[in-house]
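Undergrad: Structure incoming, see below.
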Amino acid sequence: MGETAVFTGAGVLRGARASGPIVIATIPFGLVAGIAAQGQGLSLTDAVLMSVIVFAGSAQLLVLAAWTHPAPILAASFAAFVVNLRLALMGPVLAPWLDRLRGWRLWGSLFFLTDQNWALSVTDMRSGGRDAAFLMGSGLTLWVVWVSGTALGHLVGATLHPSPGHPLFFAALAVFVAMLVGMWRGYGDAMPWMVAALVAVGVAWLLPGTSWHIIAGALAGSLAGALRDRYRDGPDVAVDQSIPGDRA
Amino acid sequence: MTGLTLGIDAPTLAVIIGMALATYACRAGGYWLFRQIRPTPFMRTLLGYVPGTLFAAYVVPALVRGGLQQWVGAAAAVAAMLAMRSLSAAIFAGTAAAWAVWQFG
């Protein structure tokens, strides 16, 4: 095995295949984004364009739910930033892959970074995957489904209105729950996860409708874990071997 | 509401571009900042904890906010994931269980 991560067409295909299950769970949300856009009077072109270049489900739904006339430029941009700030925390975790990329491969891959394909990529990287194109392949697949779902939702928006409590929407949470199970590395994760959960619940209660609770929870939990590992004889969760120490 | 419209509304276009720039700044900015520094071993250990804690911070408040449907669905997803180690099986089991509660609960 060489030291370098690679970026191949085979990696794109592998990422695309791996994203099958999460694609199914993304369809209802694409539909809802289209329905919401149609309901606020956005044209089909505008609704599709939003999904094409923003490609961020929770931010789009949040902004569309609070849409005003005239269109809320500053408020919407700020909301998108606040809701998506968690993505800033995700990129560095994939550094072992991304550090080897440059140009469009690097900055293009980052465009396709979402919660779901990031989790798939982290899992692949930790089990020894070295092909960084996995991120773009899985993200591209999600993007196609997201955009098609939005278009379809806009077209059927007037006739179809699934209620917010419909269990179809639970599919997205089921994805996150299942992925969380896959991220368990051993008992050393228990304390950091509990810290993350407690802080997140508290911050979510204080600042509803943002993603600050995700950032605060992740930072508090990770810090607790890293500090615990430093101030005792031996860490019982080994330092993540998938994050090499040979950065240039 | 409006029927099938294909036009582009200028203020709406500005909102979409603003959202796209803000979102890409998050996606690329975090890694861009990280690329400027030389991470210490402590930072690498910390980053190793980010995936699990971030998803815990995502899932737990959503469950706390949710009701029986979410709890039963989450339990089914965890059980299926542990038993089969398959993402699709877990999503299917979780959603089916949530659906059952919704239908008969």
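Undergrad: Looking only at the range B:21-45, how many residues end up being of a type in the set (S, T, N, Q), crowded, with 18+ Cβ neighbours inside 10 Å and closer than 23 Å to A:GLY188 by Cα?
TA: Qualifying residue count, the range B:21-45: 1.
Undergrad: Of the numbered conditions (1) without any contact (Cβ under 8 Å) to a residue 12 or more places away in the chain; (2) under 19 Å from the mean Cα position of the chain (by Cα), B:ILE16 satisfies every one except a single condition; which is it?
TA: Unmet for B:ILE16, out of (1) without any contact (Cβ under 8 Å) to a residue 12 or more places away in the chain; (2) under 19 Å from the mean Cα position of the chain (by Cα): (2).
Undergrad: Further question: Among the residues of the range A:186-207, is there at least one that is surrounded by fewer than 21 Cβ atoms within 10 Å (Cβ to Cβ), closer than 21 Å to B:ALA90 by Cα and modelled with pLDDT of 90 or more?
TA: Checking the range A:186-207: at least one residue is surrounded by fewer than 21 Cβ atoms within 10 Å (Cβ to Cβ), closer than 21 Å to B:ALA90 by Cα and modelled with pLDDT of 90 or more.
Undergrad: In the set B:ALA57, B:ALA14, which member is in a helix (DSSP H, G or I) and closer than 20 Å to A:ARG86 by Cβ?
TA: B:ALA57
Undergrad: A follow-up question, please. Listed residues A:ALA88, A:ALA75; which is within 16 Å of the chain's Cα centre (by Cα) and within 30 Å of A:ALA216 (Cβ to Cβ)?
TA: Criteria check complete, one pass: A:ALA88.
Undergrad: Shifting gears a bit: Would you mind finding the one in A:ALA151, A:ALA178, A:ALA174 that is out of contact with any strand residue (DSSP E or B) (no Cβ under 7 Å at 6 or more places or on another chain), of a type in the set (A, V, I, L, M, F, W, C), in contact (Cβ under 8 Å) with a residue 40 or more places away in the chain and crowded, with 23+ Cβ neighbours inside 10 Å?
TA: Exactly one of A:ALA151, A:ALA178, A:ALA174 is out of contact with any strand residue (DSSP E or B) (no Cβ under 7 Å at 6 or more places or on another chain), of a type in the set (A, V, I, L, M, F, W, C), in contact (Cβ under 8 Å) with a residue 40 or more places away in the chain and crowded, with 23+ Cβ neighbours inside 10 Å, namely A:ALA174.
Undergrad: Right, here's the next one. Suppose we filter B:GLY18, B:GLY48, B:GLY67 for residues that are crowded, with 24+ Cβ neighbours inside 10 Å and of a type outside the set (S, T, N, Q); which single one remains? Working first, answer last.
TA: Details: B:GLY18 fails: crowded, with 24+ Cβ neighbours inside 10 Å; B:GLY67 fails: crowded, with 24+ Cβ neighbours inside 10 Å.
Result: B:GLY48 is the single residue among B:GLY18, B:GLY48, B:GLY67 that is crowded, with 24+ Cβ neighbours inside 10 Å and of a type outside the set (S, T, N, Q).
Undergrad: Which helices (runs of 4 or more DSSP H) does the range A:35-123 wholly contain that include 2 or more residues that are modelled with pLDDT under 95, closer than 16 Å to B:LEU21 by Cβ and more than 7 Å from chain B (Cβ to nearest Cβ)?
TA: Helices (runs of 4 or more DSSP H) meeting the threshold: A:73-84.
The values are calculated or read from the model by the stated rules, or taken from the named source; none is laboratory data. Keep in mind that what you see is a predicted model, and the values were worked out from it rather than measured. FYI the Cβ positions are ideal-geometry reconstructions off the backbone, even for glycines, and counts take in every protein chain you see.
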